[in-house]
């Protein structure tokens, strides 16, 4: 929100308050009168306060309490204590202790708030303070006591104010102090009873837990003997070592078997000739020696073949030796292949043997692990029962000591003195009455303003008719001017220096600027409903235009309720209706007026069908002819929503001026009028806010034009301005 918007809204609300200041003053005066009556007729009421301290100290009985039941928060604990302070049993003990049932306070009954009194008196509902929270009826003394008691925790501390109200200041202090003392006694009794009950309960649980410990130990020993678990940890360690060793051996055996299997399959896939070149065969020392011997024999055969024939005994012997050497080579290659196959079979058997041993050790490990799990379960059960037994034994001893120690977490911090007067407080009553009166008055004002849908200010026009130009504000006519009835008044001539006359001059200026782009204008002046001042506006606007030296013709287009003839003191006929039907000519119908430059065309005879005449083709020709002979043609038309005459005239003129009566025209009516004009292709050139009462609502309208009009311009006696000069009206 901008600063300008804030200022406008503030001024608007202040204007509302100023306008309905009588209602606001009535609400405030009524509230103050009620406050005075209350202050001087009410019985004085006193209040005493005892301040107590409530520490957080709850018994911690079970060691497993945090697991089984979450401890309540400090807020829950203190809320419980506040309920105990207001409890019925404690109230009964206090009433008995101080003899409150014999006090005159009981005769006055329970204290009630104003709202409760209204419910009891007018609705017949029983007072809520006479019943307990469980629906139990309280005795009159207890009900009166509890209605006077208030428990107020001090925020951010552990202190609590115990407040008691009474008509007797000494009784108020006695009741507050006695309540605090009995509350402490009740807390001690509760602590002692709780400790005794807890000690007995813990003793029983201790015996039960001891039996559970013994049973768990027997079950663990029986399982150990049945499974032969003398030293379970050592046996698990040996099995784990075996698993590690066998895993390594099995992995090595698998690697060796895979290598030998690969070599065996490779040699099986080779032919005899390819085997001779296989690296394993070629690398064998025996094969290498036989190869060398074969090479020598082949060399010897080559030498002998040069000198000897094939049948020579030496050649036969050499060939026999070569054949024998080749046979040895083939035999040795076969032996190598069989050796590789044998190594493969041996590696496979060794791998299978190691895997079987590994599987057996795994089964043994799983069996031991299963026994270890069951053994661990039994062992943990024994340990938990033993630990719980120890905790219960310690807690039993501690609780026994606590039951013998009288202590409480509550103490009185400040005792109550004589009560102080709290009601009636005159100044506070007046302040509350003033606030209630102002609030009620402002609320009613806003309600009435919200329900009032009339247009009151230019801001309302700009808000609801944002797309239309605003021409200005016209003050309401003074009482003498309105005393003659509903006759329009030519303020421009009768009171030229009045606020209304100046307002019409402002409208004239705004109208001239809004129509500066064309010459020869025809303007229709109308309103949403009757009685909004459109005829007065039309005649004064026409007179102000004539003062500029322009030739102006004002046409009485309201053929149903013509009133302009009263302003110019002339007859109706011949006039506009006669021109339309052809009964008369323009020189006979158009009249001279006593004001220079201003001509008047009356309505003529009152026809039975005004809408049909105004919408005829002859009317269009008359409007065009008048525009060519006069600088301004002002039409005084009927209201838009009342008749069908105005919509048929809207398309014939250059522009339409809509007159809106302040605090009279409603927003829906004005909106419908604007829509109807736009639907007939009419052009609205401006809106005028008329009949603004600056005297009655000076502050309400002062932010716009009121102060300017009321202070700067002074009313002067009426001076006639008639010149007596008559001019011949030009023909249409």
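For (1) within 30 Å of residue 252 (Cα to Cα); (2) modelled with pLDDT of 80 or more; (3) surrounded by fewer than 15 Cβ atoms within 10 Å (Cβ to Cβ), each residue gets a yes or a no:
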residue	(1), (2), (3)
352	yes, yes, yes
360	yes, yes, yes
381	no, yes, no
384	no, yes, yes
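Each row is one residue, and each column tells you yes or no for (1) in contact (Cβ under 8 Å) with a residue 24 or more places away in the chain; (2) out of contact with any helix residue (DSSP H, G or I) (no Cβ under 7 Å at 6 or more places or on another chain).
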site	(1), (2)
176	yes, yes
187	yes, yes
194	yes, yes
215	no, yes
254	yes, no
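Results for (1) surrounded by fewer than 17 Cβ atoms within 10 Å (Cβ to Cβ); (2) within 21 Å of residue 95 (Cα to Cα), shown as yes or no for each residue.
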residue	(1), (2)
155	yes, no
166	no, yes
181	yes, yes
184	yes, yes
188	yes, yes
201	yes, no
204	yes, no
Residue 142 - would you say it is at negative phi and part of a helix (DSSP H, G or I)? yes
Looking at residue 237, is it in the same structural domain as residue 353 (by TED's automatic domain parsing) and under 30 Å from residue 367 (Cβ atoms)? yes
Output for segment 564-590, where each listed residue is touching a residue at least 40 places away in the same chain (Cβ under 8 Å), surrounded by fewer than 20 Cβ atoms within 10 Å (Cβ to Cβ) and not in a helix (DSSP H, G or I): 585
Unique residue being at pLDDT 80 or above, more than 22 Å from residue 342 (Cβ to Cβ) and out of contact with any helix residue (DSSP H, G or I) (no Cβ under 6 Å at 6 or more places or on another chain) when the list is 248, 273: 248
Assigned to a helix (DSSP H, G or I), in the same structural domain as residue 681 (by TED's automatic domain parsing) and crowded, with 16+ Cβ neighbours inside 10 Å: which single residue out of 599, 619 fits that description? 619
Could you figure out which of (1) in contact with a helix residue (DSSP H, G or I) (Cβ under 9 Å, 6 or more places away or on another chain); (2) at pLDDT below 90 isn't true of residue 531? (1)
Mind checking which residues of segment 639-652 are crowded, with 24+ Cβ neighbours inside 10 Å and assigned to a loop (DSSP other than H, G, I, E, B)? 640
I'd like to verify a number: residues in segment 22-64 that are modelled with pLDDT under 85 and over 30 Å from residue 413 (Cβ atoms), how many? 4
Regarding segment 411-419, can at least one residue be identified that is at pLDDT 80 or above and more than 29 Å from residue 179 (Cβ to Cβ)? no
Residue list for segment 420-437, filter: at pLDDT 85 or above and part of a strand (DSSP E or B): 420, 421, 422
Quick check: is even one residue across segment 538-546 part of a helix (DSSP H, G or I), modelled with pLDDT under 95, within 23 Å of residue 644 (Cα to Cα) and within 58 Å of the chain's Cα centre (by Cα)? yes
Which residue out of 260, 242, 328 is surrounded by 13 or more Cβ atoms within 10 Å (Cβ to Cβ), closer than 30 Å to residue 368 by Cβ and in the same structural domain as residue 359 (by TED's automatic domain parsing)? 242
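The values are calculated or read from the model by the stated rules, or taken from the named source; none is laboratory data. All figures in this text were calculated on a predicted structure; none of them were measured in a lab. All Cβ positions, even for glycine, are placed from backbone atoms using ideal geometry, and neighbour counts span all protein chains on display.
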